[in-house]
Amino acid sequence: MDAPAPNPPVAVSLTVLPDVACPYLPGRTETLRAVLASSIDGDTYRAFMDTGFRRSGRMIYQPVCNHCRACVPIRVPVATFEPSKSQRRAWKRNQDLCITSDNPDLTDEKFDLYCRYVRDWHNRGEEANRESLEQFLYDSPTETLEFAYRAPDGRLIGVGICDVSGESLSSVYFYFDPTDHARALGTFSAVYEIEWAKVRRLSHYYLGYWVSGCAAMSYKANFRPHELLDECGVWKSE
């Protein structure tokens, strides 16, 4: 019998959503309980993450799948992070980039980049929908920051969305130009965001869920040291 999912940090009415196919492990179904938030301060949202919740747009959700607790929240203690050799190589490879941060704003340039990313990197045949992207990433109930990564010629080659609290930075999503895949932009962006958090004396960098057996999630465990949230709602060092 699986342990019950940790309770949210404040009293809210959670709705259990209909089961859908699991996006991480084939042959399984996913069950979420969620609440829509019109506004939530960063520290309260961090407390939600500390009980296993994440957000998609304004929906704050937690996996409560029957007989499965494979979605394990993972975070990196910023002060003690030590990049691996491959992470250091990605850092050096991208020192020519111009990186800015600002309030999230879905421009035509960013939407075009996102369309190329999902088409060429994820091999999705369907056309990306701007309204859906706006709801998924850019309509946020909490304090959110957007990092823009530009090549020396001015081309936008990467965009990272992060949520900010007084103590943490949480990676929401990163998309990039597939033609620049040799730069290892996904790795570099995470190392850059950890460094950004370190300069501002934030304690933790949240990476979302790590799922054992899911290749797309395996990279998260390469950021060390890291902590995993156990079924009792306690962060354990790894």
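The values are calculated or read from the model by the stated rules, or taken from the named source; none is laboratory data. Everything numeric here is computed off the predicted structure, so don't read it as measured data. Please note: Cβ atoms are built from the backbone with ideal geometry, for glycine as well, and neighbour counts cover all protein chains shown. Ligands, DNA and RNA are stripped out before the accessible areas are found, and what is left, the full protein with its side chains, is counted by its heavy atoms. Shrake-Rupley method; radii C 1.70, N 1.55, O 1.52, S 1.80 Å.
When the P(r) of the range 95-196 is calculated, the portion above 20 Å amounts to 36% of the C-alpha pairs. By the 4.7 Å beta carbon criterion, which cysteine residues of the chain come out unpaired? Cys22, Cys71, Cys98, Cys115, Cys162, Cys214, Cys232 - these cysteines have no disulfide-compatible partner (Cβ-Cβ under 4.7 Å) in the chain.
In the chain, the longest principal axis of the Cα atoms and the axis of helix 185-199 are about 80 degrees apart.
Split the accessible area of the chain by element, probe 1.4 Å, and carbon with sulfur accounts for 50%.
Here the Karplus relation 6.51 cos²θ - 1.76 cosθ + 1.60, evaluated at θ = phi - 60°, turns the backbone of the range 12-26 into coupling constants of 9, 8, 9, 9, 7, 7, x, 5, 9, 5, 5, x, 10, 10, x Hz, with x for every Gly and Pro. Exposed loop sites were defined as trypsin sites (Lys or Arg not before Pro) in DSSP loop states (anything but H, G, I, E or B) carrying at most 11 other C-beta atoms within 10 Å; in the chain the longest segment without such a site runs 1-199. Phi-derived couplings, Karplus 6.51 cos²θ - 1.76 cosθ + 1.60 at θ = phi - 60°, listed residue by residue for the range 106-123: 7, 8, 4, 4, 6, 5, 4, 4, 4, 4, 5, 5, 6, 6, 9, 8, 9, 6 Hz, with x used for Gly and Pro. Can you work out the Karplus-derived ³J(HN,Hα) for every residue in the range 87-93? Use 6.51 cos²θ - 1.76 cosθ + 1.60 with θ = phi - 60°, whole Hz, and x for glycine or proline. Each residue's phi maps through the Karplus curve to give 5, 5, 5, 4, 4, 5, 5 Hz. A crude spin-label estimate for the pair Asp139 and Asp41, with each label 7 Å from Cα along the Cβ direction, gives 2.6 nm. Quick one, what does Rg over Rh come out to for the chain if you take C-alpha atoms and the Kirkwood Rh? Checking Rg against Rh, the ratio lands at 0.94. For Trp210, the residues 5 or more places off, or on other chains, whose built amide H falls under 5 Å of its own are Val72, Ile74.
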